[in-house]
Structures are given as C-alpha cells and as structure tokens.
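Encoded as structure tokens, the structure appears first; notes follow it.
The values are calculated or read from the model by the stated rules, or taken from the named source; none is laboratory data. What you are looking at is a predicted structure, and each value in this text was computed from that prediction instead of being measured. We place every Cβ from the backbone using ideal geometry, glycine too, and count neighbours over all the protein chains shown. Side chains are part of the model used for accessible areas, which takes the heavy atoms of the whole protein and leaves out ligands, DNA and RNA. Shrake-Rupley method; radii C 1.70, N 1.55, O 1.52, S 1.80 Å.
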Amino acid sequence: MHLAFPQKNFKPKAGGISIFAKLQRNKKFISIIIFLFTLYYLLFRESSSAFFNLDSRKLPEAHGLYNDETLTTRTLIFPPVEHAPLLKQLGVSLLFPVAHNGIDKKAIYDQAPALEETAKDTLEDQTRNVREAFKNTGKLVFDHKNRKSPEVVIVTDIDFEKYELNHLTKIVQNRVDYAQARHYGIYVRWTQEFFPSVSEDKNDNSWVRLLILRAAMHAFPESKYFWYLNQDGVIVNYDADIIQTLLTPEKLNPLLLKDRPVVPPSGAIHTYKNTKPENVKFLITQDERGLNTNSFIMVNDLYGRALLEFWSDKLYRNYNNFPLKEASALMHILQWHPVILSRTGLIPARTIASSHSVVENTDENNDIFYKKGDLAVILKDCQIRKSCETEFDTYWSKLHK
Amino acid sequence: MVIFHSETREYKQLFDSIPSSQLNSRPPTSRTMDHEKDIQIIPPYAALQPRKKQRSPFASVKMMLSSFKKTLMLLTCVLMFFVYLKFPTGRFKQLQQRILNKDPEIVIILAANEGGGVLKWKGAQEWSVERSSINNKKYYANKHGYGLTIKDMTIKRRYSHEWRESWEKVDILKQTMRQFPNTKWFWWLDLHTYIIEPQLSLEEHIFNNLNNLTYRITNEKDFNPLNLDLNIPYADYKNSPVEMLITQDCGGFNLGSFLIKKSPWSELLLDIWWDPAFYEQMHMIWEHKEQDAFETLYRTQPWIRERIGFLPLKSINAFPPGACSDKADDPQFFYNENDRDFVVNMAGCEWGRDCWAEMEYYKSVDRRLHKKPWYKFW
C-alpha cells in the first residue's frame, strides 16, 4: 500500500554522482553540441591576420621647403609687406644664389644654401634684415598643438615686382580683415620665394599658386579647407562664412554642377551625375576659357594633397602643350583621371569667383558677373586693361566707406 | 480505339501513315506489357507461412562493428586527426570564405601569357613553364586560404591607339581590385616566379615581420641603387601607413613581385600611374614602362613616396644567378638554398636565358628541400 510513497532511500545521493548521471543521460545532446562547436571553430574562427603597425620612431619628420622650421601661434601668416620696395630694388638674383643654364641663359635659383654666406658683412643691416625676413616666412609652421587651428585658410601669393607697396598692402589687408571677421587663417607668401622651384621650368610663375598652396597645407596641418585666391581677387563680403554658405554638404549639394562638361562648352568628359557632397575634396568654378584657377577650394587630406602634388609635377610644368599652364594641366587631369574627377565639384562662378564687369552690369539673370552680396570678385585680365589697382580700389572703397 | 500517347514525332508520323483499316489492331506498346507484369497473384496462404528470418549481408558486418565499437571509434579519431593534419588549413579558410561569401584577405595576381598569341606562337616549353608556375601558385593559395586570379597579359589592340603597349599591369590591378572589393592585400607575381617555400604564409613571413624587414629610403645606409633624393619636402613617413611593399634589384625598383593594399591611396596611385602627358614626354626614356613611370612618381610625389615600404629583394623576389649579372658577387640579390629564400623570380629569363630550364631547376630544388621521410604522414 505504501510502496508508491517515496522513500528516503530512493532519493539520489547528492554530490558528483548525480551530475555524472545527468551527463550520462544527455550524452547524445552533449556530443552534438561539442561536434557543432568544433565545426564552428574550424569553419568560422577568425584568421589571425592582424595587419601590422610599423615602428615609425626612426623615420624623419616631415618638413617643408626648408629643413629648419619655426612654430608660431599666429593664424595670419604673411611676409612683412613693407619690405616690397627694398626687395624690388635688390632683385631676385641677390636673394638667391644663382647659376645660369647654358641654353637660354635662364637664371636658376638655388633654394638650399642660405643667403648669408654670399656677402654678409658687405651689406647694410637693413638689407640683411630684409633678406632674412624674406626667407623666414617660409619657415613658419602653425603650432596646432597649442592653439586651435582655423577651419579655413585663405592662401594668396603676392608679387613685389608686379605691384607697388600701397596696392600690396591693400591685398593683404583685405584677406586679413575677412579672416579676422570669420576667424579664419591666412597664408600669404612672396611669389619670388618659389623661384628656385620653378626656375628650371619652361613655363612661368603662374605655377607658384600650387606650390604655395602645398606650403600652406604643410604650415596648417590641422586646418581643413584651403581657399586659394589670386592676388587679383578681392573678398567683397566679410559677412559670408564659406563654411555655412558653401562647404556643408547640405549647402553644397544643390550648388554642385553635375553632368557638366569639364571643358566648356562641349567637352566630352562630364562631371559625375551622382557626386556626393561629402566626397568632394576640390571645388572649382568655370569661366569662358575653361576652369578658373584664380579661386578654388581644396580639402587638406589625401585627395587634396595627391591632386596638388600631381598637378604641380615637373612633367606638367615643362609640358609644351599646356597653353593655359596650370589651368590646362588641371583640365587635362580631370579628363584623364576619373578618381580625381570623382572628388571634384564644379560650382557656379559667383560662389567664390564672380567676374568683374568693365561696363555697368544690368542683366539680372547673369551668373558670371559680380552682384551685391557675392563673396569675392576676380579682376580677371586686369593687367591687359592695365587697371588692376583702380579696379581693386573701386571694390576696396565700397568695403571701407 | 486505343489512345496513343505518342512521345516522339516519328511515332506520330508512323501512326499517320498507317491506313485506318489497320488501326483497330492492338499496337505493341510497352506500356500495356508493364501493366500485365504488375498484377501478381498472391496465394491466400502465403501470409500464414512462418516468415523466414531475413539476414542481409550487412547484418553480420553490423554485429562485428558493434563488438569492436570503442576500438573502431578510437581508430576513426586517429584517422580524422591525420586527415586534419594533412588537410591544408587554407582549405578551411576557403570553405569559410565560400560559406560566408567573403573575399579572401589576400589575393595573388599571377600574370600569365605575356605577349602570348600576338608576337609568336607559344612553344611546348612555354606551356610547360606556364603550367608549372600556375600549379605552384595554386598550391600555395590553397595551402593558406588566399585567393588566386590568373590574368591574361596578351597585348591588347585597344592600347595601340593611345600608345601604351605593355602597361596592362596597372589596368589589371584596377580590374582585380574591383573583382575582390573586400580583399585587403594583393600580391602581384610575374609568370616566371616560383614559390619555393610554400609552407610560409605571407602573414608570418612578411606582415608580422615588417618592422625588421622593411626599409624606407631616407638614410644613407639604406639600399639606394637609383641614388634617389633622400630628403624631399612634404614627405611625411611618420604619419602614413605603408600601403605598398616593393623590392629593389641592382638596377632600381622591381615590380616582378610586390604587394599592394586596397585603399583610397592605391586607387589614386593606379589612377594617375599612366598619364598621357607624362607618357608623351617620357616614353623614349621609360624603357621598363610602368616600372620606370613608377620610379619617376616616387621621385617627385611625396604622397606616393611616404606610403611605400621596401622589402629586401630576397624576401619575396630572389633572383637566379643569370639576372643582375653585373652584380654577380653580391649575395643580397640571389637565391640561396641555405637561406631558404621564399620566392625566386627568373627575371628577364625570356631575354636570352632558358626559362624552362630555370623553372625545372627550381622545381627540383623545391622537391629536394621538401623531401619527407617515409614515416612522416603529414
């Protein structure tokens, strides 16, 4: 009668035996799990291919054109413009050690050996200072560890053989005023500083803009955008913040000219139809001759650097079939190298490079000439009209009423 | 009337051709015969008879197996273990890649058929060399789970109008990178190469060893046969990863065997490598085509230079004695059995040397070095 009642003796003993018994009972189940786990391990284990990190301690530091560099916390880097008359008087051949090539008697300037050896004590103090200062701007590098880098740097080359002191001051002042209003940086260098780099070339100084832009990227390593603006360009709207109005993807997207011929009006190669604004590393406008290299914006990253260094390669600078020099080279690059083209954005001329109109512009629908509110005006061909200074002054006086 | 399910047209035609008077006779179809066969007459007493014990021939085997169960299981385990040892781990990786639909991490690009079919017919020896080379790479790729793609280097007509014969290397690299979008590294190998130490994986031989192996040309002590400028502005070696590994022989860069990573940088490099304006000015000077163009780019473009690491020639590209003959006494270039060099590249064997003989020689070296004692199963 009481057999069905559980007896104490029937209870399994506590301890190891019961676990063992459980295991025994679930043998099949456990072996299947082990099998699956082994299979999983064999098939899906991560291969140990942690690719490497190289020890870079022994490698040399990067440097610009000069081996010795000076850190500075100035966001506005420009040469002492007041030296222009004296520099002009000294002439380039006194600023650099010079050799002459035998063929066309062209002067070849030598960058590396410093100037002081030539005739240090024979020169007056003032001349020596001027020459020192001429060389020293190029050594300045922004100290990005101790001060926040500006987001945008405006880059310009100024030519003391072309313009008088008065005009040069206005050019630099214009950039300084804009940069201070918007907390940007500026990077201005003498065109002549780059003569050693371009003096062996067949083509002329217009290539200097690429070299100075490269130097600027080196001097402001943490800044993102570099806006090259030619010395014949005036910034006419100090309130326009190019990051807010142009460079954010939302603003840039509607501005990008997609599926447009790179060389107007009927070039075979068009810009891509589906360029994403985040991928654009290079912004440039077009004029009636092609691409307008007097004003363009570049991002300081792999793409910007690669394009810039490739664009300014000696083999391009010496090439005979580039009538518009660096502009021809750029049109060539964009038509032959699709990866670079895919990172390029064409934008309407009036965003960063409105043209100066000689006659009073009355057409409301024009998309080339300056209208009130535009960011910058390019005084294109003002040298042919021999009116660079006066044209500059008309815009300058509007700004400084 | 019998309904025909005539399968073939012939049958139909036959049917049509028979006069209708004959149609009433029964056509000899196999179908009806089958029906007759299916009907079997089972005697009613059959079920009552005692069933004979059915003994299949497997039953005795089964019994025997069950009596030696444990021994057999042990034996199977041992056997599986040897199969596992014998089975190259690369196969697992390849299986894994196939299941997960992944690209291999490393892909070997083998350039085959150089100039084949256009300049001359391939002879028996050329076929043999090509076969040996391909089999060698296949074995290696399977062993370590790498991808292998064999690319045809036949001179293509499409290049002749834009003057770039034998510049296919760049195009093939671009095309292969599109083919394997998730692969990390690509190893380019010319046809006349032979991997003599296939047991070395690229990871253990090269990638885990890079700190000791690679050098940059920044110091007078670095090997620099081209006398390249050691110090150019803007080259930032310190903050740049190495994305291409090449070697230098006695005459400069050698692109017979090199590694390149898939990255935005390499995409740009491959995009600008061939430029018509450069080519027009330099094609008379650039004797080795893309190799010389690459040297020029290295010379002038810091963004390219800073991401290139150099490996000693012997690490992935050892030469046979015939190559670099003017530096014949310099052991740093030449394959040496005692050093167990990884790859031999019979560079230039098609210009006056015997590719086939060299290939056969290195195959025999491989056999000799990797001879196994009889008792070793794995």
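Assuming charge only on the beta carbon of Lys and Arg (+1) and of Asp and Glu (-1), the dipole of the stretch B:87-369 about its Cα centre is about 1240 debye to the nearest 20.
Can you say what percent of the DSSP beta bridges in the stretch A:70-399, counting only those with both residues inside, are antiparallel? Round to 5. Walk me through the numbers on the way to the answer.
Numbers: 18 of 39 bridges.
Within the stretch A:70-399, antiparallel bridges account for around 45 percent of the total.
With r as the distance between the Cβ atoms of B:ILE99 and B:LEU74 and R0 = 25 Å, compute the FRET efficiency 1/(1 + (r/R0)^6) and round to 0.05.
Values: r = 31 Å, r/R0 = 1.22.
The calculated FRET efficiency here is 0.25.
Straight distance only, please: which aspartates and glutamates reach the Cα of B:LYS169 with their own Cα at less than 16 Å, same-chain residues fewer than 8 apart left out? Excluding near neighbours in sequence, the set is B:GLU114, B:ASP152, B:ASP190, B:GLU267, B:ASP271, B:ASP275, B:GLU287, B:GLU290, B:ASP292, B:GLU295.
For the stretch B:87-369, rounded, prolate or oblate, judged on the Cα gyration tensor with a ≥ b ≥ c (square roots of eigenvalues), a/c < 1.5 rounded, else prolate if a/b > b/c? Spell out each step's value before the answer.
Details: a/c = 1.21, a/b = 1.16, b/c = 1.04.
Rounded.
If you plug the beta carbon distance of B:HIS283 and A:ILE34 into 1/(1 + (r/R0)^6) with R0 = 51 Å, you get a FRET efficiency near 0.20. The slack between A:ASN136 and A:LEU257, meaning 0.36 nm per residue of separation minus the straight C-alpha distance, is 39.4 nm.
What the Cβ-Cβ distance of A:LEU399 and B:ASN211 gives, at R0 = 56 Å and to the nearest 0.05, is a FRET efficiency of 0.45. Within the full protein context, the accessible area of B:PHE82 is estimated at about 70 Å² for a probe radius of 1.4 Å.
Is the stretch B:215-273 rounded, prolate or oblate when judged by the Cα gyration tensor, a ≥ b ≥ c being the square roots of its eigenvalues, rounded requiring a/c under 1.5 and prolate requiring a/b larger than b/c? Let's see the in-between values first.
Values: a/c = 1.94, a/b = 1.24, b/c = 1.57.
Judged from the Cα gyration tensor, the stretch B:215-273 comes out oblate (a/c at least 1.5, b/c at or above a/b).
Cross-link check: pairs B:LYS143/B:LYS314; A:LYS314/B:LYS262; A:LYS276/A:LYS398; B:LYS137/B:LYS372; B:LYS143/B:LYS372; B:LYS122/B:LYS363 evaluated at a Cα-Cα cut-off of 26 Å; pairs beyond the cut-off: A:LYS314/B:LYS262; A:LYS276/A:LYS398.
Counting only other chain Cβ atoms within 10 Å of each residue's Cβ, the peptide B:230-239 averages 6.
With a simple spin-label model that places each label point 7 Å from the Cα along the Cα-to-Cβ direction, the separation between A:GLU389 and A:GLN126 comes to 2.1 nm.
Can you tell me what share of the DSSP beta bridges in the stretch B:87-369 is antiparallel? A percent to the nearest 5 is fine. Write out the running numbers ahead of the final one.
Values: 14 of 32 bridges.
Among the beta bridges of the stretch B:87-369, antiparallel pairing accounts for roughly 45 percent.
If packing is taken as the average number of other Cβ atoms within 10 Å across a peptide's residues, how do A:33-39, A:142-148 rank, most packed first?
Working: A:33-39: 10.1, A:142-148: 13.4.
Answer by packing, highest mean first, reads A:142-148, A:33-39.
Chains A and B together bury some 4500 Å² of accessible area, summed over both sides, with a 1.4 Å probe. Name the shape class, rounded, prolate or oblate, that the alpha-carbon gyration tensor gives for the stretch A:152-293, where a ≥ b ≥ c are the square roots of its eigenvalues, rounded holds for a/c under 1.5, and otherwise prolate holds if a/b is larger than b/c and oblate otherwise. Oblate is the answer for the stretch A:152-293, as a/c is 1.5 or above yet b/c matches or exceeds a/b.
Once you average over the residues of A:308-318, how many Cβ atoms of partner chains fall within 10 Å of each Cβ? Please report the intermediate quantities before stating the final value.
Numbers: counts 2, 9, 10, 0, 2, 9, 5, 10, 4, 0, 2.
Averaged over the peptide's residues, the number is 5.
Bridges between two residues of the stretch A:230-389, per DSSP, are antiparallel at a rate of about 60%. For B:TRP356, the solvent-accessible surface with a 1.4 Å probe is about 90 Å², rounded to the nearest 10. Note on the stretch B:315-378: with neighbouring protein chains present and a 1.4 Å probe, carbon and sulfur make up 56 percent of its accessible heavy-atom surface. Derived value for the stretch A:70-399: Kirkwood hydrodynamic radius 20.7 Å. Basis is the mean of 1/r over every pair of different alpha-carbon atoms. Under the simplified labelling scheme, the B:ASP329-B:TRP374 pair shows an inter-label distance of 4.8 nm, with each label point 7 Å from Cα along Cα→Cβ. Over the stretch B:87-369, Cα pairs under 8 Å with separation of 6+ residues give a relative contact order of 21 percent.
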